[in-house]
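The values are calculated or read from the model by the stated rules, or taken from the named source; none is laboratory data. Only a predicted model underlies this, so the values are computations on that prediction, with no experimental measurement involved. Neighbour counts are summed over all protein chains in view; Cβ atoms, including those assigned to glycine, are modelled from backbone coordinates with ideal geometry. Just the protein is used for accessible areas: all its heavy atoms, side chains included, with ligands, DNA and RNA removed. Shrake-Rupley method; radii C 1.70, N 1.55, O 1.52, S 1.80 Å.
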Amino acid sequence: KQEVRWGQVQYIGQLLTDTELPVYAVARKAGFEYAEHMDVAFKRSKGMTPGQYRAKYRRHHSER
């Protein structure tokens with residue numbers, strides 16, 4: 001279970017930085033029925049919310 005969650009968190013981080021998808025859509029793509037559940041798992045792993053992570057690590061289109 002822990003390995004699965006780690007993989008999900010890595011995938012969430014990739015989606016947050018590489019796409020413009022809203023957080024609820026990121027949650028669905030990562031296998032969470034509710035964005036709130038993803039928020040809890042992500043924050044527990046990364047120490048910040050998905051929104052905070054996206055703001056800090058987003059890759060801007062001009063940098064590609």
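When only residues in the stretch 49-64 that are exposed (fewer than 12 other Cβ atoms within 10 Å of the Cβ), in a loop (DSSP other than H, G, I, E, B) and charged (D, E, K, R) count, which is modelled with the highest pLDDT?
Only one residue fits best here, namely Arg59.
Starting from the stretch 38-49, keep only residues that are under 11 Å from Trp6 (Cα atoms) and of a type in the set (S, T, N, Q), then list their pairs with residues that are modelled with pLDDT of 95 or more and open to solvent by 30 Å² or more (accessible area, probe 1.4 Å) whose Cβ atoms are within a distance under 9 Å, requiring at least 6 positions of separation or different chains.
Sorted first by the residue in the stretch 38-49, then by its partner, the list stays empty.
Take the stretch 30-48 and flag every residue that is of a type outside the set (Gly, Ala, Ser) and either under 10 Å from the mean Cα position of the chain (by Cα) or outside any helix (DSSP H, G or I) (or both). Can you show your working first?
Narrowing the stretch 30-48 to residues of a type outside the set (Gly, Ala, Ser): 32-34, 36-40, 42-44, 46, 48.
Result: Phe32, Glu33, Tyr34, Met38, Asp39, Phe42, Lys43, Lys46, Met48.
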